[in-house]
Amino acid sequence: MEHLLGIKELSVNRVKDFLDRADYYTKALQSGKWDKEKLKNKVVLTLFFENSTRTVTSFNFAGLRLGAEMINWNAEVSSLSKNESFNDTIDTLGAMKPDAVVIRHKEYGAPIKVAERLDCPVINAGDSWREHPTQALLDALTIMQEKGSLEGLNVAICGDISHSRVANSNAYLLSKMGANIRFVAPSFFKPEEMPVEGIPFYDTMEEGIKDCDVVMTLRIQKERMQQSKIPDDNAYFKDYGLTYERLKYAKPDAIVMHPGPMNRGVEIAGDVADDPKYSRMTAQVANGIPTRMAVLDLLLSK
Ligand code: NCD
């Protein structure tokens, strides 16, 4: 049985398997031709202990497009509010024998603990600032659609790196696949430990995005910060917001990405985010579906 708990532990070949299948489902969704009963009679349980728009919805689309039944468990109306422990809740849900569990949780490593308790594939939909593997896969798919391959590309990940599971999973995936990744942020957002050794760190946008093929921006994840450490939005935008002016330092055909939810006028200027010449944010959202179809297919149809 295989789980998808992070990108770090995946082999290059397994990453390629997921990306190849995601590419297959991208084309299948366009042509309308794929096995719509691939996961018939499978029941997938989503457990979102943290809010989500894109991730939970695209997992649902993905499962339904493959004929699975989706059950969305809701933390707010569950017995957690009656003081049931997390482990007891997981064991209770596990006793119902789901065919797969998709989990998002604010605690570091929560999906790993859940995988130890359940006897079905567990897919991490984001835990704390640790990993968000399906986001990294859909980001890679988006970059490959644009640039053909990941090999040798310069990718800048900008903003609140230290609280970002998206930055971590992307760092693992992109460096495994031969891209040159760098982090760009004020020093207070520099991670204590780099996910991958030797990632260059820049503290100005101009230097950091110079000659980049891809500029990825991240939200300031205030919910993971002490109130006193939250920077002022306007001052932050002035120094680190992605504007047209700053984008000139990247390659002329650079693309701009953001995992969402974005805060306009904080980490990115609204006009850059809306400009189809640069922004691939809509493509990222759309690619969430074939990517998650690929993951559900490869983990569940064994
Ligand atoms: C991200 C997340 O939840 O990790 N969003 C997403 O899944 N697309 C990023 C964020 O919350 O800023």
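When the range 282-302 is filtered for residues that are buried (at least 21 other Cβ atoms within 10 Å of the Cβ) and either within 16 Å of the ligand (Cβ to nearest atom) or free of Cβ contacts under 8 Å to residues at least 40 places away in the same chain (or both), the ones remaining, listed by number, are Gln284, Asn287, Gly288, Ile289, Pro290, Thr291, Arg292, Val295. With the structure loaded, tell me whether Ser149 is without any contact (Cβ under 8 Å) to a residue 60 or more places away in the chain, closer than 27 Å to Lys113 by Cβ and either assigned to a loop (DSSP other than H, G, I, E, B) or within 16 Å of the ligand (Cβ to nearest atom) (or both) or whether it fails that test. In short, no.
So that you can scan it fast, the table gives a plain yes or no per residue for (1) surrounded by fewer than 17 Cβ atoms within 10 Å (Cβ to Cβ); (2) within 16 Å of the ligand (Cβ to nearest atom); (3) within 21 Å of Arg280 (Cβ to Cβ); (4) at pLDDT 95 or above:
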residue	(1), (2), (3), (4)
Thr204	yes, no, no, yes
Ile209	no, no, yes, yes
Asp213	no, no, yes, yes
Leu218	no, yes, yes, yes
Glu223	yes, yes, no, no
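Annotation: of all residues in the range 164-180 being of a type in the set (Gly, Ala, Ser) and surrounded by 22 or more Cβ atoms within 10 Å (Cβ to Cβ), the one that is nearest to the ligand (Cβ to nearest atom) is Ser164. Checked against (1) farther than 19 Å from Leu299 by Cβ; (2) away from the ligand (no atom under 16 Å from the Cβ), Gly94 passes all but a single condition, namely (1).
Answer yes or no as to whether Pro252 is out of contact with any Lys or Arg (no Cβ under 7 Å at 6 or more places or on another chain) and part of a loop (DSSP other than H, G, I, E, B). Yes, satisfied. Residues considered: Asn83, Asn72, Asn41, Asn13. Of these, the only one that is surrounded by fewer than 19 Cβ atoms within 10 Å (Cβ to Cβ) and at pLDDT below 95 is Asn83. With respect to (1) buried (at least 24 other Cβ atoms within 10 Å of the Cβ); (2) more than 21 Å from Lys238 (Cα to Cα), the lone exception for Glu151 is condition (1). Residues in the range 249-281 that are within 16 Å of the ligand (Cβ to nearest atom) and among the β-branched types (Val, Ile, Thr): Val256, Val266, Ile268. Scanning the range 54-78 for residues that are among the aliphatic types (A, V, I, L, M) and closer than 22 Å to Lys33 by Cβ yields Ala62, Leu64, Leu66, Ala68.
For the range 226-240, the condition holds for at least one residue, the condition being that it is part of a helix (DSSP H, G or I), without any contact (Cβ under 8 Å) to a residue 40 or more places away in the chain and closer than 24 Å to Glu131 by Cα. Here Tyr244 fulfils each of the conditions (1) away from the ligand (no atom under 16 Å from the Cβ); (2) closer than 20 Å to Ser169 by Cα apart from (2). Arg104 fulfils the conditions (1) buried (at least 17 other Cβ atoms within 10 Å of the Cβ); (2) of a type in the set (Lys, Arg); (3) in a loop (DSSP other than H, G, I, E, B) except for a single criterion, (3). Just one of the numbered conditions (1) surrounded by fewer than 21 Cβ atoms within 10 Å (Cβ to Cβ); (2) within 16 Å of the chain's Cα centre (by Cα); (3) under 30 Å from Lys210 (Cβ atoms); (4) charged (D, E, K, R) is not true of Glu131: (1). Only residues that are free of Cβ contacts under 8 Å to residues at least 40 places away in the same chain and part of a loop (DSSP other than H, G, I, E, B) were counted across the range 108-123, and they come to 3.
The values are calculated or read from the model by the stated rules, or taken from the named source; none is laboratory data. All values derive from a computational prediction rather than experimental measurement. Quick reminder, even Gly has a Cβ in these numbers, built from the backbone with ideal geometry, and neighbours come from all protein chains shown.
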